[in-house]
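The structure appears below as structure tokens.
The values are calculated or read from the model by the stated rules, or taken from the named source; none is laboratory data. Note that this is a predicted model, so its numbers are computed, not measured. Please note that ligands, DNA and RNA were not included when accessible areas were found on the heavy atoms of the full protein model with its side chains. Shrake-Rupley method; radii C 1.70, N 1.55, O 1.52, S 1.80 Å.
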Amino acid sequence: MKMTFRHYGDNDPVTLEMISQIPTMYSIVSAVYDVPVGQVWSRESINGIKEKAAAHNLAFEVVESVPVSEDIKLGNEKAQSHIDAYCENIRRLGEAGVKCICYNFMPVFDWFRSTLERKEADGSNSLAYNEKEVAALDPLSGNFSLPGWDESYTKDSLRALLAQYETMGEEGLWKNLQTFLEAVIPVAHGSGIKMAIHPDDPPWGIFGLPRIISNEENYKKFLKLVDMEENGLTFCTGSLGANPDNDLIDMIHKFGDRIHFAHIRNIKHTDYRTFHEVAHPTECGSLDIFGIMKALHEVGFDGYMRPDHGRMIWGEKGRYGYGLFDRSLGATYLAGLWEAIDKMSK
């Protein structure tokens, strides 16, 4: 297992120096953030990330993410040119030593929460999702802004986009995903890169948009689309675990050989499709983090792992879910679990 940490580039208040001081940290997880979706990243930008990481004794072996454009997801007239650019990005990242690319195929929204600063009794705050609150939201209201939301959309362009996805439906999205995979997975194979799709977050439909990577049956179907090792998974416990019907430990045992990247975090269920994010340890939430780590060890997981969304603690301000303090605690907790499990297994 290789411990990693998400980094958002030069403007990230969590600096590379800070990340390098976290025990057991191996690699950053980053990307080129100043190039529009669907275009090619320059080798200079890619190598710049690698060089800055190396200056702090950190590798740059995981990209999160090379975004998949809405045009690819919709399979429209721009899709092929964007797929071609995506393939070129894979080649260039492979040249730079990147080994894993995390991406998602979620229409319009990335991870989605209804509350960004849920106040906890201890004074910390966390991200939260409440189904009733989400049902009352109107993304076409004109004043809608949350993580995962592309603010470049106008009300009219968003309305047209939602209508296209409604017409296309889940089967159309599956078809376009297969087209994408058939193009990029052979390129990833030739570039020494493993592709790792991120599950839908939350793992159910929102605002009438199709969601197709959310449970065990979806995983079975997805892995068969292009049955190659490079076509793999980002196993995100917080995303999948938002649905109590998902048996995370069983899923690890079933799909372990295709898990290339693990996002580990804990959440606490409080009602139907209602949860908030908590500290990483098992006792803090609804997920068995020890059991999850043990299962990953049992299937021989040797890929990349990172602590996922953290609370804001000790008065920290920063990017929601991506502060330094709580994620650092999570990283050391996960590393400690892994060491203990590894030594007990010998």
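General observations
- Share antiparallel - DSSP beta bridges, the chain, percent rounded to 5: 30 percent
- Residue separation of residue 247 and residue 316 scaled by 0.36 nm, minus their Cα-Cα distance, works out to 21.5 nm of gained length.
- The separation of the stretch 6-55 from the stretch 212-228, counted between C-alpha centres, amounts to 30 Å.
- Max mean-square fluctuation residue, GNM over the chain, Cα-Cα springs under 10 Å, options 208, 75, 315: 315
- Think of a 1.4 Å ball rolled over the protein heavy atoms: the chain then has 42 Å² of accessible area per residue.
- Among 245, 200, 122, the largest mean-square fluctuation in a Gaussian network model of the chain, built with springs joining Cα atoms closer than 10 Å, belongs to 122.
- Over the chain, dividing the summed -39,500 (n - 2.57) contributions of all DSSP H runs of at least 4 residues by the number of residues returns a 222 nm mean residue ellipticity of -12000 deg cm²/dmol.
- Entries of 175/254; 224/254; 254/294; 119/317; 78/175 with Cα pairs more than 18 Å apart: 175/254
- Correct option for semi-axes √(5λ) of the Cα gyration tensor in Å [calculated from the coordinates] among (i) 28, 25, 21; (ii) 27, 26, 18; (iii) 37, 22, 20: (i)
- For the chain, with all protein chains in place and a probe radius of 1.4 Å, 48% of the accessible heavy-atom surface sits on carbon or sulfur.
- Using 0.36 nm per residue and subtracting the Cα-Cα separation, the extra length available between residue 227 and residue 91 on full extension is 46.9 nm.
- Between residue 10 and residue 269, residue separation times 0.36 nm minus the direct Cα-Cα distance comes to 89.7 nm.
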